[in-house]
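The structure appears right after this line, and notes come after that.
The values are calculated or read from the model by the stated rules, or taken from the named source; none is laboratory data. Everything numeric in this text was worked out from a predicted model, so none of it was measured. Cβ sites come from the backbone with ideal geometry, for glycine too, and all protein chains shown count toward neighbours.
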Amino acid sequence: MILETTTKDRFTLALITEKEASLSNADEFRKEIEALIEGGNKHIIVDFERVVYVDSSFLGSMVSALKHALAAQSEIYIVHLRQDIYDLLSLIRMNKVFKIFDTPQDAIDHLK
Amino acid sequence: MNTSPVQLRFSCHNDPASFNDSLKEILDAIARQLPESPGKNDILKRSGWILMEFISNGYKHSGKNEVSLGVSIDDHNLVIVKEDQGSPLHLSLPHNESLRWPLNEAWLNKEIVLIEDSLHLLTAFISDEGTAVFSARSQDSNRPPSISELNEHFGLIIISSACNRFSYSFNEGRNTFKATIELSS
């Protein structure tokens with residue numbers, strides 16, 4: 001398992017437990033997010049607090065998971081991105097695609 | 001002042017468990033060679049993205065135990081080169097076509113669209129010698145991106161966007177990827 005999940009109200013907090021978000025766990029991440037969506041979780045907050053780098057394979061899985069969420073009318077939010085990972089997302093314009101917040105509470109407040 | 005170029009060479013194990021250590025080792029070596037400047041951290045950040053993609057691309061595609069990386073630094077450019085003797089590059093194109101080295105002559109001297117979606121346009125110009133020079137551009141639109149149609153392959157886009165010139169060539173069984181960062185940019 002790459003995700004450690006907890007629930008708060010109607011939100012599911014999915015903490016990525018590994019430091020390296022890369023091709024070695026990209027498929028696992030996508031499948032676990034898709035399972036959360038299939039399980040009826042409508043608001044999934046993905047917490048990158050422990051992640052120190054992300055590669056293109058993991059970014060591809062993030063987009064794949066987002067498409068799955070969109071089809072199921074679920075939402076994915078991203079929190080606790082390091083500045084260099086945010087810069088990488090900006091480089092390839094994924095900051096236009098993902099809903100990115102500083103903290104889980106910021107994501108929750110945004111929806112209230 | 002012109003100084004002699006610095007040449008660094010690294011051999012990385014093709015094992016995801018060692019990727020982070022390899023990346024840190026190479027970035028530390030580059031950091032020691034780069035002169036202090038306001039843009040140094042940005043150059044290191046961009047170098048890190050390129051190196052990570054080169055290392056993981058080697059793992060995914062080269063089929064070899066080691067990936068060879070070279071870094072050269074002179075007054076004007078930082079050049080990162082990845083070489084291997086694995087399978088040549090094979091790119092899927094829109095409309096079910098594919099680009100596979102060594103190339104058929106029909107592809108030479110053409111600009112080819114590799115990826116096009118609502119956010120990205122990635123092209124490759126193929127020289128008369130079969131070298132591909134990649135170019136990533138943003139698709140500017142005021143409309144929200146069409147998520148369902150987004151490309152999911154970001155490796156070439158990351159490298160092309162992080163450097164000033166990115167090329168690939170295949171000669172005598174050897175793949176060479178070369179990314180150049182202008183130090184003055």
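Do you know which of the residues in segment B:127-153 that are of a type in the set (A, V, I, L, M, F, W, C) and over 20 Å from the mean Cα position of the chain (by Cα) is surrounded by the most Cβ atoms within 10 Å (Cβ to Cβ)?
B:150
Pairs, please: C-beta under 7 Å, at least 6 apart or cross-chain, first residue part of a loop (DSSP other than H, G, I, E, B) and in segment B:1-17, second at pLDDT 80 or above?
B:2/B:75; B:3/B:75; B:5/B:72; B:5/B:73; B:5/B:74; B:14/B:67
If you check residue A:108 against the conditions, is it in contact with a strand residue (DSSP E or B) (Cβ under 9 Å, 6 or more places away or on another chain) and at pLDDT 95 or above?
No.
Can you tell me which of B:75, B:84, B:21, B:15 is among the charged types (D, E, K, R) and within 19 Å of residue B:174 (Cβ to Cβ)?
Exactly one of B:75, B:84, B:21, B:15 is among the charged types (D, E, K, R) and within 19 Å of residue B:174 (Cβ to Cβ), namely B:84.
Yes or no, residue by residue, for (1) under 17 Å from residue B:158 (Cβ atoms); (2) more than 12 Å from the chain's Cα centre (by Cα); (3) without any contact (Cβ under 8 Å) to a residue 60 or more places away in the chain:
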| site | (1), (2), (3) |
| --- | --- |
| A:14 | no, no, yes |
| A:33 | no, no, yes |
| A:57 | yes, yes, yes |
| A:66 | no, no, yes |
| A:70 | no, yes, yes |
| A:78 | no, no, yes |
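Yes or no: residue A:35 small (Gly, Ala, Ser) and closer than 21 Å to residue B:117 by Cβ?
When the stated conditions are applied, residue A:35 does not pass them.
In segment B:128-155, what residues are modelled with pLDDT of 95 or more, over 23 Å from residue A:58 (Cα atoms) and of a type in the set (S, T, N, Q)?
B:131
Mind checking which residues of segment A:16-31 are closer than 16 Å to residue A:63 by Cβ and free of Cβ contacts under 8 Å to residues at least 24 places away in the same chain?
A:31
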